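Please treat every number below as a calculation from the coordinates, not as lab data. Given the structure is predicted, the values throughout are model-derived calculations rather than measurements. Backbone-built Cβ (ideal geometry, glycine too); neighbour counts: all protein chains shown.
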Amino acid sequence: MDFELSDDEAALAEAMRRMCQSRFPLERVRAGEGRRVVDADQWRALAEAGVFSLRLAEDDGGAGLGTAHAAVVFEELGRALVPGPLVATHVAARIVKGAGTGEQLVGLVHRPPMGRVLPVVVADLASLGAVLVVDEQGVHQLPPEALEAEPIDHGLDPLTPLWRLATIPEGAVVADAGTARELWRDHLVLSAALLVGMASAVAELATEYAKQRRQFDRPIGSFQAVKHLCADMLVRAETARASVHAAAVTIDQPDVGDALRAGAGAALLASDAAVANAKACIQVHGGMGFTWEVPAHLYLMRAALVSRGLGRAQRLAEVVAERL
Amino acid sequence: MDLRFGDEQERFRREARSWLESNVPSPKLPSLDTPEGFEAHRAWERTMFEARWSVVSWPERYGGRGLGLLEWLVFEEEYYRVQAPTRVGQNGIFLLAPTLFEFGTDEQKDRYLPPMASGEEIWCQGWSEPDAGSDLAAIRSRAERGGGDWVLSGQKTWCSRGAFADWLFGLFRTDPEAERHRGLTYFLVPLDAPGVTVRPIAQLDGETGFAEVFFEDVVVPDAQVLGEVHEGWGVAMATAGSERGLSLRSPARYTEAAGRLESLYHQRAGDHPARAARLGDAVARCLVDAEAYRLHTYWTATKVLAGGQVGAEASMNKVFWSETDLAIQRTALELLGADAELLDEEDRPGAWLDGYLFALAGPIYAGTNEIQRNVVAERVLGLPRP
């Protein structure tokens, strides 16, 4: 039992943070607002850093690392609001050739069970080389042009272009139902890692602002009402992080528990933490928080989008509840 | 990161489970806030002590097994798994003992730890006063020199188990001229000393194990000062870290309650499908939260084992466990509906009602959650003081 990051996990997180600071400073990320294609140079930088291949075996061009390593990497990507189909491409790397090297961008769609309502929304479609559809039968691979998709002009997140799908064709089955469950589980956990990074980033943003912004001749952070907003942000981010790390470790060490249940639980906590923290960050910033000057809204929008992609808090709770 | 326990720890878990399963009292003991219940719980402490289960993480010379923090967490998981009795000695073994280990002299450790471990001497905490609650440094109970000893006077309140306990550990003002966080001293006081009066207080849940304690010229020798004279604040804060963080509320308490909630959900789902459907998400959320607290504790334990300290982060734990506990109990009551109050004692739904009423105290004791949030904001996040 050792729940601290190992030295190499910590070093990887640190390297990824430095990479994000040099390649993805917020002003550069924000320069992509409204664009409908993923920046190829940025994507190459991510691939070179090993974001998509790190869990592949060394013989397959990967680093042979575990999900715990991936979780700390995705936490940093979330913190920096790095755009693009990061998690989908990473989890698809074991199936779609070229995903691990960054040559192919991949989308991941969870086919709603029969009777559930479409439409389904897919992100970054114009940049994708393949779309994987997971359902109870297995994993289906589709070329993006096979999808009847309609662009959404004003998506929630200005950094994530979206398309609406009215139907999802069958597609070729490329992997079995067990693999489909693993892809979805890994997608849940690594998306939750992105959300934890966001939850921490906005907690820090709000805390810094509360120290600097003065009203009534003192920093607003000296007022208890503001303090409690900040303290709650930290508590939410830290408990969600413990949960996400545990879910990642459970994927790597299956004998310690039910990884899908752990993943759904982690995704539930991380979604709540990211959305609630972004709202609290806007609140701490007051009127400034409601403007585009402060990036708090970008975190709120991304957090809402990512957590909706996980099937909303309610469905995650169902996953946990079904496994009660 | 590695979430697997080692072979030694797994063997220890099996040994603890097997002993607890064959020794846990059945039927359950009467409430420890009654005189007969208190003595029954004291006898259970003795039973555990004799088999060396009462304080597994203490050195062997004081009655422990010399085991580490992780083994202690494992023991707690097993202890709650079989729903063993509430630890009547918890204020001593979980709150005072860590402080004795850190600040006590060898004589004090030899004198106080073994009878604490065996339940022969049960301790209560004497910190709060009528005018010093959240603002603990405002305490006015005094200790003055007299005849080569200390003479204590004043009043302490909210002393859990105080109605039946044998000893009290508390803070008294020894230098009224000093700045308010200084000039305090940490005393160990027998409750049968001349001049001590204990008065039980009826609590919200109807129990009366709580007490206020009055001191009128109570004579206490130097040997019963813990730590340095006038340095009691620092000594007390070490105890507060234990109370809020790791040792008083081990996560097993909540994962066990969440597990019972899960069983209740399954029991009730058949008869009350609509209610179960409405509450399924809330039940899941309780399980996820209890598990997150467990994981966060493992994280803290790992940090401590690597040589780190539990500081103000303990306040984060306190906010989280107290609110998670309330959510678990409240969700159970909603699942039970009117049955929560109507079913008789044998079906023990009353346990949930009791649990709920007790959980209401969680955001208050061990430092209110409002104060904990201030601590997190000021000491962890570095936000300015008012």
> Once the Cα gyration tensor of segment B:123-239 is found, what semi-axes does its equivalent ellipsoid get, as square roots of 5 times the eigenvalues, in whole Å, sorted largest first?
Replying inline: 22, 16, 12
>> What are the extents of the Cα atoms of the protein assembly as shown along their three principal axes, in Å, largest first?
In response: 93, 60, 50
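Summing +1 for each Lys or Arg and -1 for each Asp or Glu, what net charge is found among the other residues whose Cβ lies under 13 Å from the Cβ of residue B:272? Could you put the intermediate results ahead of the total?
Numbers: positive: B:268, B:275, B:278; negative: B:271, B:334, B:339.
Combined, the nearby Lys, Arg, Asp and Glu give 0.
In debye, nearest 20: dipole of segment B:90-152 around its Cα centre with unit charges on the Cβ of K, R (+) and D, E (-)?
Details: 5 positive and 11 negative charges, 19 e Å.
So the magnitude is around 80 debye.
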>> Principal axis extents for chain A, Cα atoms only, whole Å, descending order, please.
In response: 66, 49, 40
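Taking the Cα centre as origin and putting +1 on Lys and Arg beta-carbons and -1 on Asp and Glu beta-carbons, what dipole magnitude results for the protein assembly as shown, to the nearest 20 debye? Intermediate values should be presented prior to the final figure.
On the way: 71 positive and 101 negative charges, 349 e Å.
It works out to roughly 1680 debye.
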> Of the listed peptides A:75-88, A:212-225, A:295-308, what is their order by residue-averaged count of other C-beta atoms within 10 Å, with the highest listed first?
Replying inline: A:75-88, A:295-308, A:212-225
> Can you tell me the Rg and Dmax of segment A:119-255, counting just the alpha carbons, in angstroms?
Replying inline: 21.0, 66
> Based on the mean of other beta carbon atoms within 10 Å per residue, what is the order of A:159-172, A:40-53, most packed first?
Replying inline: A:40-53, A:159-172
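Taking N as the number of residues in chain B, what is its Cα Rg relative to 2.2 N^0.38 Å?
Details: Rg = 21.3 Å, N = 386, 2.2 N^0.38 = 21.2 Å.
It is 1.01.
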>> Please compute, for the alpha-carbon atoms of segment B:245-380, the extent along each of the three principal axes and give them in descending order in Å.
In response: 51, 26, 25
> Applying the Karplus parametrisation 6.51 cos²θ - 1.76 cosθ + 1.60 with θ = phi - 60° to the phi angles of segment A:266-282, what ³J(HN,Hα) value in whole Hz is obtained for each residue in order, glycine and proline being reported as x?
Replying inline: 5, 5, 5, 5, 5, 4, 4, 5, 5, 5, 5, 5, 5, 4, 5, 5, 4
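State to the nearest 20 debye the size of the charge dipole of chain B about its Cα centre, where the only charges are +1 on K and R beta carbons and -1 on D and E beta carbons.
Numbers: 40 positive and 60 negative charges, 174 e Å.
The calculated dipole for chain B is roughly 840 debye.
Sort A:253-263, B:284-294 for me by packing, meaning the mean count of neighbouring Cβ atoms within 10 Å per residue, highest on top.
Descending mean neighbour count gives B:284-294, A:253-263.
Quick check on segment B:7-88: what does the Kirkwood estimate of hydrodynamic radius come out to from the alpha carbon pairs, in Å?
Its Kirkwood hydrodynamic radius stands at 13.1 Å.
Show that you can apply the helix-only estimate: for chain B, add -39,500 (n - 2.57) for every DSSP H stretch of four or more residues, divide by all residues, and state [θ] at 222 nm to the nearest 500.
Working: 12 runs with 177 residues, N = 386.
So the helix-based figure for chain B works out to -15000 deg cm²/dmol.
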>> I need the Debye-formula profile for segment A:179-322: one equal scatterer per C-alpha, no solvent, reported as log10 I(q)/I(0) at q = 0.21 1/Å, two decimals.
In response: -1.12
